[in-house]
Amino acid sequence: MMKYSNVVKSALSAAALGFLALGLASTSAFAANTVSTTFTVTATVANICTVSATNMAFNTLVAAVNQTTSTISVTCTTGDVYSVALSAGDSAVENARFMKGNTTSADHLSYALTSGNYAGPNWGTASGFQPGTGNGGAQPFIVYGQITAAQALLAPVDTYSDTITVNVTY
């Protein structure tokens, strides 16, 4: 019986090796044939700019030159060339801006908005606008506000305000 089982084992082992050899041969036959294709990946980066600004508050005026600032933050796509301009607000003239009284809108309080420093050039749309080139991050621009001592003394008691529009052209 033992002889017979050794013969069967040998036959089964030979058969198993044959099947394995056929299986490996057929696998390598499939691996030898490959087809390929390609596809294109594209993206378009658009020119995008955003802008924000802090409010400018002079608070309670004193009988002296009153100064304060606002910060404009411009974020544009890298390489975008842009300019930042400020509207005239309630005034029709950028270099003669005024705030209106909240109680009596006929009351005006003159003020100036400049760039660079308090003695810098008037910042408007026609003159004094600030150029920039986007770098993908927020870029700050400081607006300097000033009310003369004479204005602080001559204006009637009231709370004054104006709204300035920041325009970024790119």
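Laid out as a table, the results:
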| item | result |
| --- | --- |
| Two-site FRET efficiency, residue 105 against residue 73, from Cβ-Cβ distance with R₀ of 35 Å, rounded to 0.05 | 0.70 |
| Per principal axis, descending, Cα span of the stretch 68-145 in whole Å | 46, 22, 21 |
| Computed Kirkwood radius, in angstrom, where 1/r is averaged over Cα pairs of the stretch 41-170 | 15.8 Å |
| Calculated FRET efficiency for the pair residue 90/residue 50, C-beta based, R₀ 22 Å, to 0.05 | 0.30 |
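Just so you know, all these numbers are worked out from the coordinates, no wet-lab data involved. As the structure is a computational prediction, the values presented were derived from the model and not from experiment. Neighbour counts run over all protein chains shown; Cβ positions are idealised from the backbone, glycine included.
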